[in-house]
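Please treat every number below as a calculation from the coordinates, not as lab data. In this text the structure is predicted, and so the values were computed from the model without any measurement. Here the Cβ positions follow ideal geometry from the backbone for every residue, glycine too, while neighbour counts run over all protein chains shown.
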Amino acid sequence: MMWHQRADVVVIGTGVAGLVAALAAHRRGRRVVVLSKASETATFYAQGGIAVVLPDTDDSVDTHVADTLAAGAGLCDPEAVRSIVAGGYRAVTELVDDGARFDEAASGQWDLTREGGHSRRRIIHSGGDATGAEVQRALDRAAAQLDIRRAHIALELLHDGEAVAGVLVLNDDGLGVVHAPSVILATGGLGNLYAATTNPAGSTGDGVALAMWAGLAISDIEFIQFHPTMLFDGHADGRRPLITEAVRGEGAVLVDGQGNSVTAGVHPMGDLAPRDVVAGAIDARMAATGAPCVYLDARGIAHFKRRFPTVTAACRAAGIDPTREPIPVVPGAHYSCGGVVTDVYGRTELAGLFAAGEVARTGMHGANRLASNSLLQGLVVGGRAGQAAADHAVDAGPSHAVAAEPSARRALPRAELQRAMTRDASVVRDGDGLRRLAKELDASTPRILNSRTDFEDVALTTVAAAVAASALARTESRGCHHRSDFPDTDPAQARSLVPAVACC
Ligand SMILES: Cc1cc2nc3c(=O)[nH]c(=O)nc-3n(C[C@H](O)[C@H](O)[C@H](O)COP(=O)(O)OP(=O)(O)OC[C@H]3O[C@@H](n4cnc5c(N)ncnc54)[C@H](O)[C@@H]3O)c2cc1C
């Protein structure tokens, strides 16, 4: 028999966006239930930091907006960018009130670093390169008083076509429903579409799939950012350690096996060019030399171990001493620039449904996210979505009962899907490969949802179909979408796409 529970606000996800949203709704006096299928979050693994304009520095909101728009390659929504960037300092201050601590250059003065695409040093960080762990620690502690349910998988959004009414959930007791007039998707990214990713195993695009099944618009989903420097240790699948961009910010250089610069002559910002440029340059150099990786030479950085303890530990675990030898690196699937279409308050087109964090497409990132803008977006929009969801719950009153039953949907087994995506929809794509991918996804077979594995395979397959459709429709190269058959940017395609996908 199905179990039933009630809440004012259901939050799906316990990363930065979910916990900030849950705390905001709770502080408005609402009954909040937080669901999480796993204990791991991408938030925990964030290294470099949070991009934020601090008062009384040489930085400004205008400059941060300009850098973000430049990386976004014509597809950012400038008003959304301005709103989120301008909200950054306040959101970070609230995080500090919740207990987060950032590294200081002098007493009372945060240490600022620089990352690719930023024209100023504006990245605050913690524990050297363990920013996400500190953000997660502080938020977990602040949210300890909330009703957080682990090993609860959100399977379906319940709605009557006009408003959301709750969430269908699978837990150890079987299927159940949490009824609520407000639901916040904070399910994170989709790196597990690919064999090698920096993301944890649970980043399977669930929120995007849930929204698509509910008939909602998703957008910019072809823009999947490949981080240029994922540690290459001979393994090529599963979550791989990231070598934060801040290592290049502090002076490390990218070279090939012969010691030649990888980015010389490619972009005026060299190794600190936007990520798509650096990942593309690495991909091209690996193709030209036939080498399985390139190298990040960080031997010139003073006090490396102290500044980058997480990177040092990951290298050591792979038998590499970054202070004595260059670090072997490859690009890896890292971040979804697109997602569920929302405004800067996390509102979707379905009343009562909100989305925040990596699952959302606010218009902040456009065709390519600027480094360290995602924790910023999660903090700012997460907080606003929590407040808006709390207010909506009061206005809407208790949700109506709607039918709740899991649907059988098509799924490819994860390993097969990852092979196909890695082959046909990676750093560089072309029409033939994308058509082959779409056909393979189309031939997948229906799966009954009995387990987390079933659900994730189904979600990944739905999202992969959307990526394939969007990447095929975008017959140009822009931001982190590179088509070898359409290598140029086409000014006529400077608009976001909403894919029409038949598979769900
Ligand atoms: C290695 C790494 C380094 C990074 N470094 C930086 C950085 O320095 N700066 C920066 O700004 N960004 C960085 N990023 C990106 C940033 O960390 C993420 O975009 C951000 O943390 C995502 O937060 P989130 O709250 O949206 O999702 P997550 O933190 O991924 O949380 C998702 C939550 O949703 C839950 N969930 C998912 N699906 C379901 C479901 N169906 N049912 C129930 N629960 C579900 C998960 O269990 C989890 O609790 C990095 C990412 C990685 C992987």
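Things to note:
- Checking Ala333 against (1) in contact with a strand residue (DSSP E or B) (Cβ under 6 Å, 6 or more places away or on another chain); (2) assigned to a loop (DSSP other than H, G, I, E, B), the condition it does not meet: (2)
- Condition check for Thr244 on (1) within 26 Å of Arg414 (Cβ to Cβ); (2) in contact with an Asp or Glu (Cβ under 6 Å, 6 or more places away or on another chain): one failure, at (1).
- Residue check, Thr348 in contact with a Lys or Arg (Cβ under 7 Å, 6 or more places away or on another chain) and over 27 Å from Pro274 (Cβ atoms): no
- The stretch 433-459, residues that are part of a helix (DSSP H, G or I) and among the small types (Gly, Ala, Ser): Gly433, Ala438, Ala459
- Note on the stretch 1-46: residues that are closer than 22 Å to Tyr345 by Cα, away from the ligand (no atom under 15 Å from the Cβ) and in a loop (DSSP other than H, G, I, E, B) amount to 5.
- Screening Ala66 against (1) more than 7 Å from the ligand (Cβ to nearest atom); (2) of a type in the set (A, V, I, L, M); (3) crowded, with 20+ Cβ neighbours inside 10 Å; (4) not in a loop (DSSP other than H, G, I, E, B) leaves a single unmet condition, (3).
- Among the residues making up the stretch 178-205, those that are part of a loop (DSSP other than H, G, I, E, B) and away from the ligand (no atom under 12 Å from the Cβ) are Ala180, Pro181, Tyr194, Ala195.
- Within this structure, Ala142 fails the test of being without any contact (Cβ under 8 Å) to a residue 40 or more places away in the chain, more than 28 Å from Trp213 (Cβ to Cβ), of a type in the set (A, V, I, L, M) and within 16 Å of the ligand (Cβ to nearest atom).
- Residue within the stretch 262-278 that is on the phi > 0 side of the Ramachandran plot, part of a strand (DSSP E or B), out of contact with any Pro (no Cβ under 9 Å at 6 or more places or on another chain) and surrounded by fewer than 21 Cβ atoms within 10 Å (Cβ to Cβ) present: no
- The set of residues from the stretch 92-123 being in contact (Cβ under 8 Å) with a residue 24 or more places away in the chain, closer than 14 Å to Gly49 by Cβ and loosely packed, with under 14 Cβ neighbours inside 10 Å comprises just one member, Arg101.
- Options Ser126, Ser119, Ser83; residue that is within 20 Å of the chain's Cα centre (by Cα), of a type in the set (S, T, N, Q) and not in a helix (DSSP H, G or I): Ser126
- Residues of the stretch 43-71 that are in contact with a strand residue (DSSP E or B) (Cβ under 8 Å, 6 or more places away or on another chain) and free of Cβ contacts under 8 Å to residues at least 12 places away in the same chain: none at all.
- No other residue among Ile301, Ile243 is farther than 27 Å from Ser470 by Cα and over 25 Å from the mean Cα position of the chain (by Cα) apart from Ile301.
- Comparison of Pro274, Pro228 shows that the only residue that is under 21 Å from Asp321 (Cα atoms) and either more than 15 Å from the ligand (Cβ to nearest atom) or touching a helix residue (DSSP H, G or I) at 6+ places or on another chain (Cβ under 8 Å) (or both) is Pro228.
- Candidates Leu157, Leu175 - the one that is surrounded by fewer than 23 Cβ atoms within 10 Å (Cβ to Cβ) and either part of a helix (DSSP H, G or I) or at negative phi (or both): Leu175
- Count of residues meeting criterion [buried (at least 21 other Cβ atoms within 10 Å of the Cβ) and among the hydroxyl-bearing types (Ser, Thr, Tyr)] in the stretch 236-261: 1
- Pairs meeting the criteria (first residue in the stretch 240-265 and more than 15 Å from Thr131 (Cβ to Cβ) and in contact (Cβ under 8 Å) with a residue 12 or more places away in the chain, second residue of a type in the set (Lys, Arg) and assigned to a loop (DSSP other than H, G, I, E, B), beta carbons under 6 Å, at least 6 apart or on different chains) are lacking.
- Of all the criteria given as (1) aliphatic (A, V, I, L, M); (2) away from the ligand (no atom under 11 Å from the Cβ); (3) under 27 Å from Asp395 (Cα atoms), the one not satisfied by Val208 is (2).
- Candidates Val427, Val394 - the one that is over 22 Å from Val169 (Cα atoms) and within 20 Å of the chain's Cα centre (by Cα): Val427
- The single condition from (1) in contact with a Lys or Arg (Cβ under 7 Å, 6 or more places away or on another chain); (2) among the aliphatic types (A, V, I, L, M); (3) closer than 14 Å to Gln377 by Cα that Val81 fails is (1).
- Residue count, the stretch 152-169 (criterion: more than 9 Å from the ligand (Cβ to nearest atom) and either in contact with a helix residue (DSSP H, G or I) (Cβ under 6 Å, 6 or more places away or on another chain) or among the hydrophobic types (A, V, I, L, M, F, W, C) (or both)): 6
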